[in-house]
Amino acid sequence: MLSLVLVAFVAIVVYIFASGKWAPPPAITSVGHQIDHQYNLTLAVTATVFILSQLGLAWVVFRYRDRGQRAHYSHGNNTMEILWTSATVILFVGLGLLGYRAWGEVRFTQAAPDAVQIEATENQFVFNFRYPGPDGKFGKLDPKQISASTGNPLGIDANDPAGKDDIVVPTLTVPVNREIELLIRSQDVIHNFFVRELRLQQDAVPGLVVPVHFTANTVGRYEIVCTQLCGLGHYRMRSFLDVVSQPDYENFLKQQEQQAAGQ
Ligand SMILES: [Cu+2]
């Protein structure tokens, strides 16, 4: 009975993964493809071990079921133990080394100097994205001047000329095939910036500016979510990433600049 349950268990698990019903949406960055490749490799290796060990267990349970014979006491097998443990170590270290490059490309390198800089500020329970405007410079921030109700949720210093043309919007619009450097900040508790299609997830930590960079290669609208349980409104803390063509991006900036100037 137990061996049948084990076989059924393996079949169900294999079906869940093989059907692809719960697979993530396609990646839209080259790093995303590398991460998927690494994920699939890890999955293939662990799935093989899982299937073989569970079916092996089912076989042993069936083969040595109670047929009235005397039980045999075993004290273990040192050679098998050593083999088993070193195989696991080699596997884990090997997979870690293979994944090092994809991880390093995102985490251990800086954005190119010509990357488009955009600031992402999170607070309970919204995202705000700031573009430096025509002067290409972000204005200074002054926490005392934070006032969402008067249209200054980030507290851009009114005395800093560089801040006059800054654009602040609730959704993130980026040009396709250009490197984006996102400067992630939080105004209150720990939040997160996560876009499944970018395969990018980064905490927003109060008091820190955490830079991440990515190059999206597919035009479209993607969901941004906060994946840190940040309070009662956490479930509705989401925004959108719009990846648009270069002309559309310039139009977007122009429109926003006009709006800002009209205020
Ligand atoms: Cu949050």
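A few comments on the model shown:
- The residues of region 186-229 that are on the phi > 0 side of the Ramachandran plot and out of contact with any strand residue (DSSP E or B) (no Cβ under 7 Å at 6 or more places or on another chain), listed by number, are Arg199, Gly207.
- Checking each residue of region 162-184 against the condition of being in contact with a helix residue (DSSP H, G or I) (Cβ under 7 Å, 6 or more places away or on another chain) and either on the phi > 0 side of the Ramachandran plot or in a helix (DSSP H, G or I) (or both) gives no match.
- Within region 43-75, tally of residues that are of a type outside the set (Val, Ile, Thr) and either in a loop (DSSP other than H, G, I, E, B) or open to solvent by 70 Å² or more (accessible area, probe 1.4 Å) (or both): 18
- Subset tally (residues that are under 16 Å from Ala102 (Cβ atoms) and open to solvent by less than 60 Å² (accessible area, probe 1.4 Å)) for region 11-33: 5
- Test: Val189 is assigned to a strand (DSSP E or B), hydrophobic (A, V, I, L, M, F, W, C) and touching a Gly at 6+ places or on another chain (Cβ under 8 Å): no
- Residues (among the polar types (S, T, N, Q) and touching a residue at least 24 places away in the same chain (Cβ under 8 Å)) located in region 132-187: Thr171, Thr173, Asn177, Ser186, Gln187
- The numbered conditions (1) outside any strand (DSSP E or B); (2) over 17 Å from the mean Cα position of the chain (by Cα) are all true for Thr227 except (2).
- Qualifying positions in region 96-129 - within 16 Å of the ligand (Cβ to nearest atom), hydrophobic (A, V, I, L, M, F, W, C) and open to solvent by 30 Å² or more (accessible area, probe 1.4 Å): Phe125, Val126
- Being of a type outside the set (Phe, Trp, Tyr), modelled with pLDDT under 95 and open to solvent by 40 Å² or more (accessible area, probe 1.4 Å) holds for only one residue in Asp203, Asp165, Asp157, Asp188, and it is Asp188.
- Residues within region 208-232 that are away from the ligand (no atom under 16 Å from the Cβ) and open to solvent by 50 Å² or more (accessible area, probe 1.4 Å), tallied: 7
- Qualifying residues in region 233-250 (those that are within 16 Å of the ligand (Cβ to nearest atom) and loosely packed, with under 12 Cβ neighbours inside 10 Å) - the one farthest from Val126 (Cα to Cα): Tyr235
- Given (1) of a type outside the set (Phe, Trp, Tyr); (2) touching a residue at least 12 places away in the same chain (Cβ under 8 Å); (3) over 30 Å from Thr218 (Cβ atoms), number of the condition Gln34 does not satisfy: (3)
- Any hit, region 77-95, residues being outside any loop (DSSP other than H, G, I, E, B), within 27 Å of Arg199 (Cβ to Cβ), open to solvent by less than 60 Å² (accessible area, probe 1.4 Å) and among the small types (Gly, Ala, Ser): yes
The values are calculated or read from the model by the stated rules, or taken from the named source; none is laboratory data. Since the structure is predicted, the reported quantities are computational estimates derived from the model, not experimental observations. Positions of Cβ are backbone-derived with ideal geometry, glycine not excepted, and every protein chain shown enters the neighbour counts. To get the accessible areas, we keep the full protein, side chains included, count just its heavy atoms, and leave off ligands, DNA and RNA. Shrake-Rupley method; radii C 1.70, N 1.55, O 1.52, S 1.80 Å.
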